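These notes are about the structure you will find just below.
The values are calculated or read from the model by the stated rules, or taken from the named source; none is laboratory data. Values in this document were obtained by computation on a predicted structure and should not be read as measured data. Glycine gets a Cβ as well: all are built from the backbone with ideal geometry, and neighbour counts include every protein chain shown.
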Ligand code: FES
Ligand SMILES: [Fe+2]
């Protein structure tokens with residue numbers, strides 16, 4: 001194995017017995033891009049992780065001071081504020097930023113704070129011709145230069161230059177807008193590598209937010225993110241997915257400090273199930289029932305015409321091949337992009353990238369889920385957001401994105417019907433998370449243990465976090 005996997009540093013780690021994702025991908029109908037099945041990881045060891053990283057307010061303060069200001073944070077999608085004068089408020093760990101679209105359609109990110117007595121300039125997204133503070137009326141142009149102030153005769157000590165709104169760094173890629181407080185550090189492109197190279201195929205700049213739901217979760221932001229960073233909890237937490245999910249066949253790659261990739265195959269039965277007596281048709285039927293990304297959730301669809309449903313598996317064909325064929329046809333029809341070249345993997349698998357610390361886009365040609373994670377507002381709560389991006393047909397204007405449907409701690413994901421059956425899947429995850437947070441505080445050992453391979457990405461991000469904390 002080592003000689004065909006040169007990207008593995010050190011000894012290869014043991015893997016689930018049975019077919020690898022690589023062998024599955026090589027059997028796909030159309031060629032799968034190599035980077036989706038090539039192993040790229042290094043053995044990061046097996047040390048336990050201190051539970052206090054999730055629960056200790058002092059550690060949370062360290063994250064605030066040493067990590068968050070130095071990383072690129074996913075702050076908005078371009079379609080959230082497409083026109084000159086549109087603005088978005090992005091807040092995290094007590095900081096507030098105002099992303100303002102400029103006349104040349106570039107983006108500036110100001111600290112969303114009046115330089116007079118400190119009122120936040122804006123508290124929700126909108127459009128404006130100027131930035132006027134609602135308290136005494138200090139006013140800035142949309143480019144951050146001072147426009148004026150009432151009773152200027154009383155502020156002789158304030159020059160225009162001194163009164164420019166302070167700014168954060170802005171980086172844009174693939175329809176995503178990022179900010180970073182610190183002027184130091186890698187460019188966004190360097191930080192995201194190799195993700196922009198991989199996504200050249202999937203072109204998220206041609207997509208638009210069709211669904212956006214956020215919910216406050218009573219658990220540390222890392223615990224929430226990590227609950228979506230491995231697929232192997234499917235066996236107990238999401239058993240309804242097992243008939244069509246190769247949960248422990250998944251591939252887990254890590255690239256440097258900031259990026260990782262999980263590929264969890266769909267359209268194949270979990271190695272946890274006994275295949276005895278199960279037809280390929282059963283896999284397809286269960287997929288259609290429970291897969292959360294079926295296009296009928298958010299596209300006008302009429303059964304097998306638009307959604308690729310009622311798929312019959314012809315004799316001699318696998319469920320995966322039949323689903324791939326059907327999804328290629330349905331997606332080409334629904335979104336006007338010809339995806340007949342796309343592999344089965346790119347049409348159905350859970351291809352999830354994570355970028356440290358708060359950005360997790362799904363890839364492939366199905367409607368793409370995009371997660372964002374951040375503390376809300378303390379170490380015991382997180383805001384988890386789920387977007388679903390769909391492709392804008394060629395030649396059509398990019399519509400404005402939908403606003404976020406905000407669910408409180410008390411509301412369930414299933415109260416956002418636009419998520420379809422994904423809401424049920426997330427509710428299953430929510431049944432763990434509050435008790436993870438409580439358990440971490442109640443722990444006798446004060447530490448958690450991780451799987452060497454299937455949780456290698458959790459360890460990668462924990463290591464990255466500690467690099468910031470310790471420097
Ligand atoms: S606090 Fe903003 S104008 Fe006074
Ligand atoms: Fe889950």
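Among residues that are within 20 Å of residue 91 (Cα to Cα), in contact (Cβ under 8 Å) with a residue 12 or more places away in the chain and in the same structural domain as residue 232 (by TED's automatic domain parsing), residue 367 is not included. When restricted to residues that are out of contact with any strand residue (DSSP E or B) (no Cβ under 8 Å at 6 or more places or on another chain) and surrounded by fewer than 22 Cβ atoms within 10 Å (Cβ to Cβ), segment 224-237 contains 6.
Once segment 228-257 is narrowed to residues that are in contact with a helix residue (DSSP H, G or I) (Cβ under 6 Å, 6 or more places away or on another chain) and under 14 Å from residue 353 (Cα atoms), the residue that is farthest from ligand 2 (Cβ to nearest atom) is 257. The residue that is surrounded by the fewest Cβ atoms within 10 Å (Cβ to Cβ), among those in segment 413-450 that are in a loop (DSSP other than H, G, I, E, B) and within 16 Å of ligand 2 (Cβ to nearest atom), is 431. Test residue 100 against the stated conditions and say whether it is assigned to a strand (DSSP E or B), crowded, with 22+ Cβ neighbours inside 10 Å and at pLDDT 95 or above. It is true that residue 100 is assigned to a strand (DSSP E or B), crowded, with 22+ Cβ neighbours inside 10 Å and at pLDDT 95 or above. Scanning segment 199-223 for residues that are touching a helix residue (DSSP H, G or I) at 6+ places or on another chain (Cβ under 8 Å) and buried (at least 19 other Cβ atoms within 10 Å of the Cβ) yields a count of 11. The number of residues in segment 105-121 that are within 13 Å of ligand 1 (Cβ to nearest atom) and touching a residue at least 60 places away in the same chain (Cβ under 8 Å) comes to 0. Just one residue in the set 184, 167, 189, 124 is modelled with pLDDT of 95 or more, away from ligand 1 (no atom under 15 Å from the Cβ) and within 14 Å of residue 88 (Cα to Cα); that residue is 124.
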